[in-house]
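The values are calculated or read from the model by the stated rules, or taken from the named source; none is laboratory data. The model shown is predicted, which means the values in this text are computed figures rather than measured ones. Note that we place each Cβ from the backbone using ideal geometry, even for glycine, and neighbour counts take in every protein chain shown.
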Amino acid sequence: MYNETLSVFVIQGDNMKNILIGVTGGISAYKSANIISKLKKKGYNIKVIMTKNATEIITPLTLETLARDRVVIDMWEKKSNYDVEHISLAEWADLILVAPATYNIIGKIANGIADDMLSTVISAAKAPIYFAIAMNVNMYENPILHENISKLKNYGYNFIDSDEGFLACNTTGKGRLRNEDEIIKIVETHFNYKILSGKKILITAGRTEEKIDPIRYLSNKSSGKMGYSIAKYAKELGAEVILIAGPNSQEDIKGITTIKVNTALQMYEKVFEYYSNVDTVFAVAAVADYRAKDISKNKIKKNDENLVIELVRNPDILFEMGKQKENQLLIGFCAESENLIENAYKKLEKKNLDYIIANHTTYFSSNKNKVVLIDKNKNNIEFDEANKEEIAKKLLNKIFNI
Ligand code: C5P
């Protein structure tokens, strides 16, 4: 039976996520010192709960020295305020990381046991919980553990599986705590993953087709791949995405509101239905600059003369968005066959953009792309040639500071 005594160490940073670290009594508990120290250096707000067993393996003093801000609390400690400690800790946490997570803590949580501070806080928490598994290989192979893990996974708990290697019990096998940096990366990926939650992002993609007669149209070369890749990644990062797509060769993306249009005028109309309610716009569509003044009802017959079709200007959707910009972050693309950067600078200014992404026309309809990201102060970042999904990730990571 666990004694309820615990130690809580508090480290505070500004505007950063709150991570509650649970340290249980596996031999690798000493590695938690490194995890705490590294996360603290990154600026996260850290609180640490140790089980009584963990304090036998790594002294609270070690963690205190690393944290340089020690607060020791047990479940029944008298405090100067009237917070119910296990509830306030559970509510404080944006994420709970249990590292190491022993056979025991996994078993307790899977079976509804809350008999010490850590298991009680976990039981009361609504925050995402990550267990970094670490134990003896025979315990690891025990089917009861795997039943517990699969039960907890069904309830949405996350697991950072152990590595294989030489274990403290003088055997080789699975059960070693994952490398600290990998654990930290998983935690950070979790936060980054959701970094755009609450944001509404409007994306135009594909091309427009401007009819001349029932079977002919004016258009641009565009597969829609770049816009769809941005839409997909923005959604993965938690954003609400509204995709306004002209004709393209991409598959619909599950969970994204996709509004299909054909012409620039239709795209214009749809964009302005949403524009005032979005935070960010990526105008990726290759919009036709001109449309036929009159669309012939019937197929235009050829004769021996040249054909003259009168074209009229389509609205520049992005230019109009720039004119009506309030708080939106406005990001345009430009494809140029010459003077790439110079032309990009002109469009950045003319369309009142926050960023412009310049690419060579040679990459149209290709899976790959090579782009330069230019911010409104005309700072350029060149990205190496990569597939469009990779480019989408790099662009969003840069723009949203991920
Ligand atoms: O001026 P240019 O067509 O090169 O600008 C390209 C950028 O403007 C792209 O972001 C494209 O989606 C957008 N655009 C637009 N409406 C047009 C033409 C381009 O929104 N009629």
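Could you go through the stretch 207-230 and let me know if any residue there is aliphatic (A, V, I, L, M) and in a helix (DSSP H, G or I).
yes
Contact list please: Cβ distance under 9 Å, first residue in the stretch 311-332 and farther than 25 Å from residue 196 by Cα and β-branched (Val, Ile, Thr), second residue in a strand (DSSP E or B) and more than 12 Å from the ligand (Cβ to nearest atom), pairs at least six apart or on different chains.
From the stretch 311-332, the pairs are 312/292.
Restricting the search to the stretch 279-301, which residues are assigned to a loop (DSSP other than H, G, I, E, B) and more than 30 Å from residue 198 (Cα to Cα)?
Matches in the stretch 279-301: 288, 289, 293, 294, 295, 296, 297, 298, 299, 300, 301.
Results for (1) of a type in the set (A, V, I, L, M); (2) touching a helix residue (DSSP H, G or I) at 6+ places or on another chain (Cβ under 6 Å), shown as yes or no for each residue.
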| position | (1), (2) |
| --- | --- |
| 107 | no, yes |
| 111 | no, no |
| 115 | no, no |
| 120 | no, yes |
| 126 | no, no |
| 130 | no, no |
| 133 | yes, no |
| 140 | no, no |
| 149 | yes, no |
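Right, residue 359: within 30 Å of residue 216 (Cα to Cα), more than 10 Å from the ligand (Cβ to nearest atom) and surrounded by 13 or more Cβ atoms within 10 Å (Cβ to Cβ) or not?
Spelling it out, residue 359 is indeed within 30 Å of residue 216 (Cα to Cα), more than 10 Å from the ligand (Cβ to nearest atom) and surrounded by 13 or more Cβ atoms within 10 Å (Cβ to Cβ).
Out of 377, 303, 343, which single residue is polar (S, T, N, Q), within 9 Å of the ligand (Cβ to nearest atom) and surrounded by fewer than 20 Cβ atoms within 10 Å (Cβ to Cβ)?
Just one listed residue meets the conditions, 343.
Working carefully through the options 273, 326, find the one that is outside any helix (DSSP H, G or I) and modelled with pLDDT of 95 or more.
Going through 273, 326 in turn, just one is outside any helix (DSSP H, G or I) and modelled with pLDDT of 95 or more: 326.
Rundown of residues vs (1) on the phi > 0 side of the Ramachandran plot; (2) at pLDDT below 95; (3) within 22 Å of the chain's Cα centre (by Cα), yes/no style:
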{"residue": "349", "(1), (2), (3)": "no, no, no"}
{"residue": "352", "(1), (2), (3)": "yes, no, no"}
{"residue": "355", "(1), (2), (3)": "no, no, yes"}
{"residue": "370", "(1), (2), (3)": "no, yes, no"}
{"residue": "373", "(1), (2), (3)": "no, no, yes"}
{"residue": "383", "(1), (2), (3)": "no, yes, yes"}
{"residue": "386", "(1), (2), (3)": "no, yes, yes"}
{"residue": "389", "(1), (2), (3)": "no, yes, yes"}
{"residue": "400", "(1), (2), (3)": "no, yes, yes"}
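Does residue 240 satisfy being closer than 30 Å to residue 95 by Cβ, crowded, with 18+ Cβ neighbours inside 10 Å and not hydrophobic (A, V, I, L, M, F, W, C)?
Yes; evaluated as a whole, the condition is true for this residue.
Can you name every residue in the stretch 151-202 that is acidic (Asp, Glu) and part of a helix (DSSP H, G or I)?
180, 181, 182, 188
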